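S.K.: For reference, the structure I am asking about is given below.
No value in this document is a laboratory result; all are computed from the given coordinates. Since we're looking at a predicted model, the values are computed, not measured. Cβ: placed from backbone, ideal geometry, glycine included. Neighbour counts: every protein chain shown.
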Amino acid sequence: MALKKSVRPIIAVLTVGAAVACAKGPLPGRLVQPGQPPRVVTLNYEASVFGGSGKLWTLLPDGQRYAGKYVLTPYAPDHHMVSTLEGDRGGSMTCRFRLNEPGVGPDGGGAGTCDLSQGGVIEAQF
């Protein structure tokens with residue numbers, strides 16, 4: 001069944017809009033652990049199609065990978081984005097960020113920390 005010519009442009013716009021709405025990018029930071037010099041790390045995010053949540057992941061210098069979902073909480077007074085990431089070697093980290101534009105998500109910039117269950121913290125500013 002062929003689509004009517006008048007419907008095709010609408011579908012094209014919706015498809016492009018959904019692809020553009022999936023923002024993603026790096027959140028640069030530094031890993032601070034007791035007894036070790038700070039090391040550069042990068043958290044990565046990908047927003048969901050409808051916003052309000054997405055995926056967050058990172059690879060630490062020791063090779064452990066962490067991944068999980070984040071949720072935007074734009075009206076929370078002390079943080080606008082929260083996430084708990086699970087490590088592939090049993091560790092976890094809890095992340096809390098204050099966003100420059102809470103309704104937009106991480107693409108608008110912000111700062112925060114991720115506390116590692118094994119000790120240490122990632123400080124990120126983006």
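S.K.: Collect residues whose amide H, placed 1.01 Å from N in the peptide plane, falls under 5 Å from the amide H of Gly54; neighbours closer than 5 in sequence don't count.
M.R.: Excluding prolines and chain starts, which carry no amide H, the hits are Ser48, Tyr70.
S.K.: To continue, here is another question. Return the loop-located chymotrypsin sites (Phe, Trp or Tyr not before Pro) in the stretch 39-117 (DSSP other than H, G, I, E, B) with at most 15 other Cβ atoms within 10 Å of their own Cβ; answer none if there are none.
M.R.: For chymotrypsin sites (Phe, Trp or Tyr not before Pro) across the stretch 39-117 that sit outside H, G, I, E and B with at most 15 neighbouring Cβ atoms in 10 Å, the list reads Phe50, Tyr75.
S.K.: Follow-up. Mind listing which trypsin sites (Lys or Arg not before Pro) in the stretch 58-126 are in a DSSP loop and have 14 or fewer other Cβ atoms within 10 Å?
M.R.: Loop-located and lightly packed - Arg89.
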